[in-house]
Amino acid sequence: MSKIARRKFIQLSAATAAGCLMQTSREAMAADMPKLAEDDPMASAMRYTHDASTVDVASRTNPAAEQHCSNCALIQGEDGEEWRPCQIFPGKVVNANGWCSVWAPKA
Ligand code: SF4
């Protein structure tokens, strides 16, 4: 292996290892975050609920038919996780089946 190839191999290995560590740390952070309570003052102000099916469709300002946290543009984390971070409620996780009045469609 030439010096250049070895250097490139080491750089790629380091970048891959760093990426794995960041992913693991992101997953651990979401798992450690408290769940957003429906009676949290900020959650109440945004009409957050853990179950989007309980929301009166006529009361929503956005007309899109399918609205729940997992298809909202502001959700973070990984698809398939039950509780995920949300940009609107930093430091807490929301239910993937939840909803709030800030819901916005993914682009
Ligand atoms: Fe759910 Fe989107 Fe509201 Fe966050 S902003 S709680 S992901 S509907």
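Between ALA104 and GLU82, residue separation times 0.36 nm minus the direct Cα-Cα distance comes to 6.0 nm. With contacts taken as Cα pairs under 8 Å and at least 6 residues apart, region 29-85 reaches a relative contact order of 31 percent.
Using the 1.4 Å probe convention, the accessible area of region 34-107 works out to 56 Å² per residue with neighbouring protein chains retained. Please identify which residues in region 80-99 have an amide N closer than 16 Å to a label point set 7 Å out from the Cα of ASP32, following the Cα→Cβ vector. Residues 85, 91-93 qualify, since their backbone N sits under 16 Å from the label point.
The values are calculated or read from the model by the stated rules, or taken from the named source; none is laboratory data. Quantities reported herein were computed from a predicted structural model and do not represent experimental measurements. Cβ coordinates were reconstructed from backbone atoms using ideal geometry, including for glycine residues, and neighbour counts include every protein chain displayed. Accessible surface areas use protein heavy atoms only, side chains included; no ligands, DNA or RNA. Shrake-Rupley method; radii C 1.70, N 1.55, O 1.52, S 1.80 Å.
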